[in-house]
Amino acid sequence: VQLQASGGGLVQAGGSLRLSCAASGRSIGTYSMGWFRQAPGKERELVATITWSGDSKYYADSVKGRFTISRDNAKNTVYLQMNNLKPEDTAVYYCAASRSMRYLKTKDDVYYWGQGTQVTVSS
């Protein structure tokens, strides 16, 4: 599976961005998907995940109520809607996929990584 993230950019605090992760090579219909982010000098951290069926989602405490993860298996794409962005959300955002029919809870569960997309939030 190849994962292509897009949608990053520069936005003012309080603004919104929608990240997309388009998969190719095979269907992601049986894969849990997620978004991680890495700020300069910091560890890569989990932001949000969604199970293969879309019936269960997880959000880091820092983004709860502001970010929404969703997926469209027909389009083989996962999204991250980011609202009320804060300067501390500035990071490179990476999409990721688990192995088939596995949950995605930590970096150790990631089987496929996409390239990152830069999100910069100005104050």
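The values are calculated or read from the model by the stated rules, or taken from the named source; none is laboratory data. All values derive from a computational prediction rather than experimental measurement. Cβ placement follows ideal geometry from the backbone for every residue including glycine, while neighbour counts extend to all protein chains displayed. Calculation scope for accessible area: heavy atoms of the full protein, side chains included, ligands and nucleic acids excluded. Shrake-Rupley method; radii C 1.70, N 1.55, O 1.52, S 1.80 Å.
Length gained on full extension, SER53 to GLN81: 8.2 nm, using 0.36 nm per residue less the C-alpha separation.
Accessible surface area normalised per residue over the chain is 51 Å², counting heavy atoms of protein chains with a 1.4 Å rolling probe. Across the stretch 75-81, coupling constants 3J(HN,Hα) worked out from phi with the 6.51/-1.76/1.60 Karplus curve, θ = phi - 60°, read 9, 6, 9, 10, 10, 9, 8 Hz, and Gly and Pro carry x. Here the Karplus relation 6.51 cos²θ - 1.76 cosθ + 1.60, evaluated at θ = phi - 60°, turns the backbone of the stretch 94-102 into coupling constants of 10, 8, 8, 10, 7, 6, 4, 6, 10 Hz, with x for every Gly and Pro. If you look at the Cα atoms of the chain, you get an Rg and a Dmax of 13.3, 41 Å. Taking every lysine pair in the stretch 23-123 that is 8 or more places apart or spans two chains, those with Cα atoms closer than 22 Å amount to 11.
The label point for SER6 and the one for TYR111, both projected 7 Å from the Cα toward the Cβ, are 2.6 nm apart.
Across the stretch 29-74, the convex hull enclosing all Cα atoms gives 81 Å³ per residue.
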